[in-house]
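These notes concern the structure reproduced below.
The values are calculated or read from the model by the stated rules, or taken from the named source; none is laboratory data. The structure presented is a predicted model; accordingly, all values stated were derived computationally and were not measured. Quick reminder, even Gly has a Cβ in these numbers, built from the backbone with ideal geometry, and neighbours come from all protein chains shown.
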């Protein structure tokens with residue numbers, strides 16, 4: 001006979017699920033035992049369920065297919081929530097299998113009992129409790145198909161007395177849906193967009209992750225329109241290689257070229273992007289938005305011409321309809337600013353910057369302790385990383401340095417909590433990525449605040465032989481919060497972190513640890529870390545006062561920094 005647990009795991013293995021993330025215990029014991037006896041599925045035991053959910057979210061995003069995590073009754077299930085919210089907001093298909101108290105105790109406020117259906121109601125596109133073997137295979141199919149079809153989270157609760165029950169003889173193994181067919185936009189919408197493009201002299205494109213499958217079509221249209229191309233952070237992957245139109249990112253991680261490209265255009269053409277920061281969109285422009293999700297259109301900026309459809313198919317229809325723009329002045333102006341800005345950034349990435357005349361003068365104000373500039377670290381990683389490296393970044397300043405210095409050429413991939421904006425995501429997402437392929441280089445850009453929030457799962461890297469390279473920007477601060485306070489004119493408060501020697505901590509758990517305090521040692525340390533065949537933690541003591549200047553700083557922000565620094569001088573931060 002086949003048990004409920006065995007049928008579930010067999011179905012997931014047949015679909016292609018390679019690993020399941022979680023913490024073992026009580027209600028889920030029959031399911032983890034089924035995994036133990038299934039050679040096609042690896043059980044990855046984590047130290048915190050949140051890390052397991054982040055890892056599964058990363059796997060779903062990288063494979064564009066189902067990933068699985070588990071948390072047992074009550075607290076174990078609750079711990080999954082933050083990582084599952086990351087999956088939800090990243091449109092990642094994740095199945096969470098969670099434990100529940102035995103059926104006869106449900107609804108009686110039993111030990112550890114929580115109402116899973118209510119708990120996960122907001123995060124999940126589907127949530128149900130399996131109470132009888134006769135519900136299979138249909139209930140599991142319903143949940144997984146919802147996750148795959150709606151690109152979200154499904155939560156299946158399994159009471160403690162159900163997993164070991166036998167399913168009826170002859171019960172078939174559940175099977176799941178494939179990807180939904182793609183569709184082009186309505187012809188009338190495409191023609192209206194083409195007319196609007198032809199009516200404008202200067203077009204700027206804002207390209208997001210949804211356009212990645214349409215790389216050649218996007219580049220062909222940019223060429224025809226002589227359009228500068230602003231990339232969302234997630235569009236770095238796929239659009240930075242051999243792209244003479246890109247001018248970097250907008251928002252707080254942006255640069256002056258994107259401001260110029262937005263301000264000078266007549267038409268803003270958005271393709272596959274849900275860039276959320278409304279204050280950075282240009283005003284008074286004709287806006288065309290191409291997106292496969294109707295709910296995304298118009299929710300960030302007012303859209304003149306909505307175009308609902310797959311990016312590749314829609315651009316195939318649109319590009320032949322538009323006239324070629326003969327003038328390249330708009331593109332050249334933005335590209336010139338972008339290149340000049342890049343040269344200025346490259347100076348900061350020179351390990352000898354602070355020993356030169358201008359560097360010595362600058363460092364008196366912004367690096368008096370002579371710590372390593374984070375630009376140096378990011379540039380060294382860019383130099384030594386493989387062409388197919390998977391990068392993960394913590395929310396905050398580590399993302400800024402990656403966005404400015406790491407180029408996504410070759411087959412490089414990028415994962416982060418870019419919609420939820422959680423702390424602590426990078427290291428567990430790197431674990432998830434590494435479990436997909438232990439021979440592929442995976443690098444985590446970790447902030448010291450983010451790392452310490454889920455630091456226990458560094459042990460998972462060692463225990464599971466996951467050779468991730470964790471680069472820690474160790475500035476003793478919650479850096480982005482510090483920046484937010486100072487922009488608002490507030491003295492830095494509550495952001496100081498009293499960190500241990502992370503390299504020694506790594507060595508204590510069996511991971512190679514490297515600590516760097518001198519800019520001249522960064523390049524060699526990165527090279528050493530990447531050459532090691534196991535997990536590595538690279539602890540780099542970076543400058544806490546390094547400022548990521550907005551692409552178009554305002555007078556109020558300038559005054560804010562001045563006022564904040566005065567307050568910090570008078571009253572030192574705790």
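Any residue in the stretch 436-450 that is under 22 Å from residue 20 (Cα atoms), without any contact (Cβ under 8 Å) to a residue 24 or more places away in the chain and assigned by TED's automatic domain parsing to the domain that holds residue 375?
Within the stretch 436-450, the first condition is being under 22 Å from residue 20 (Cα atoms), and the residues that meet it are 436-444.
Of the ones still in play, those that are also without any contact (Cβ under 8 Å) to a residue 24 or more places away in the chain are 437, 439.
Now drop any that are not assigned by TED's automatic domain parsing to the domain that holds residue 375, which leaves 437, 439.
Yes, the stretch 436-450 contains at least one residue that is under 22 Å from residue 20 (Cα atoms), without any contact (Cβ under 8 Å) to a residue 24 or more places away in the chain and assigned by TED's automatic domain parsing to the domain that holds residue 375.
Kindly check whether there is at least one residue in the stretch 418-425 that is buried (at least 24 other Cβ atoms within 10 Å of the Cβ) and not in a loop (DSSP other than H, G, I, E, B).
Within the stretch 418-425, none of the residues are buried (at least 24 other Cβ atoms within 10 Å of the Cβ) and not in a loop (DSSP other than H, G, I, E, B).
Given the structure, is residue 244 within 16 Å of the chain's Cα centre (by Cα), part of a loop (DSSP other than H, G, I, E, B) and surrounded by fewer than 18 Cβ atoms within 10 Å (Cβ to Cβ)? When the stated conditions are applied, residue 244 does not pass them.
Reported count of residues in the stretch 164-208, each being in contact with a helix residue (DSSP H, G or I) (Cβ under 9 Å, 6 or more places away or on another chain), touching a residue at least 12 places away in the same chain (Cβ under 8 Å) and part of a helix (DSSP H, G or I), is 8. Restricting attention to the stretch 99-147 and to residues that are loosely packed, with under 15 Cβ neighbours inside 10 Å and closer than 29 Å to residue 63 by Cα, the residue that is farthest from the chain's Cα centre (by Cα) turns out to be 138. Just one of the listed residues (156, 165) is surrounded by fewer than 18 Cβ atoms within 10 Å (Cβ to Cβ) and farther than 26 Å from residue 280 by Cα, namely 165. One residue stands out in the stretch 173-196 among those that are at pLDDT 95 or above and surrounded by fewer than 11 Cβ atoms within 10 Å (Cβ to Cβ): the one that is farthest from residue 14 (Cα to Cα), namely 188. Selection of the stretch 293-307 for residues being in contact (Cβ under 8 Å) with a residue 12 or more places away in the chain, touching a strand residue (DSSP E or B) at 6+ places or on another chain (Cβ under 7 Å) and under 28 Å from residue 152 (Cβ atoms) yields 294, 301, 302, 303, 306, 307.
Of the residues making up the stretch 148-173, those that are within 31 Å of the chain's Cα centre (by Cα) and on the phi < 0 side of the Ramachandran plot are 148, 149, 150, 152, 153, 154, 155, 156, 157, 158. Annotation: of all residues in the stretch 302-321 being assigned to a loop (DSSP other than H, G, I, E, B) and surrounded by 19 or more Cβ atoms within 10 Å (Cβ to Cβ), the one that is farthest from the chain's Cα centre (by Cα) is 309.
Remark: residue 317 falls outside the filter, which requires a residue to be under 30 Å from residue 200 (Cβ atoms), out of contact with any strand residue (DSSP E or B) (no Cβ under 9 Å at 6 or more places or on another chain) and at pLDDT below 95. For the stretch 62-95, the set of residues classified as closer than 18 Å to residue 12 by Cβ and assigned to a helix (DSSP H, G or I) consists of 62, 63, 84, 87, listed by residue number. Residues in the stretch 463-484 that are more than 16 Å from residue 52 (Cβ to Cβ) and either at pLDDT 95 or above or in a loop (DSSP other than H, G, I, E, B) (or both): 11 in all. Would the stretch 427-437 turn up any residue that is outside any helix (DSSP H, G or I) and surrounded by fewer than 21 Cβ atoms within 10 Å (Cβ to Cβ)? Yes: the stretch 427-437 contains one or more residues that are outside any helix (DSSP H, G or I) and surrounded by fewer than 21 Cβ atoms within 10 Å (Cβ to Cβ). Taken over the stretch 382-402, the criterion of being within 14 Å of the chain's Cα centre (by Cα) and surrounded by fewer than 22 Cβ atoms within 10 Å (Cβ to Cβ) is satisfied by 395 alone. Of the residues making up the stretch 355-362, not a single one is in contact with a helix residue (DSSP H, G or I) (Cβ under 9 Å, 6 or more places away or on another chain), surrounded by 18 or more Cβ atoms within 10 Å (Cβ to Cβ) and at negative phi.
It is to be established whether one or more residues within the stretch 323-330 are surrounded by 14 or more Cβ atoms within 10 Å (Cβ to Cβ), touching a helix residue (DSSP H, G or I) at 6+ places or on another chain (Cβ under 9 Å) and in the same structural domain as residue 197 (by TED's automatic domain parsing). Checking the stretch 323-330: at least one residue is surrounded by 14 or more Cβ atoms within 10 Å (Cβ to Cβ), touching a helix residue (DSSP H, G or I) at 6+ places or on another chain (Cβ under 9 Å) and in the same structural domain as residue 197 (by TED's automatic domain parsing).
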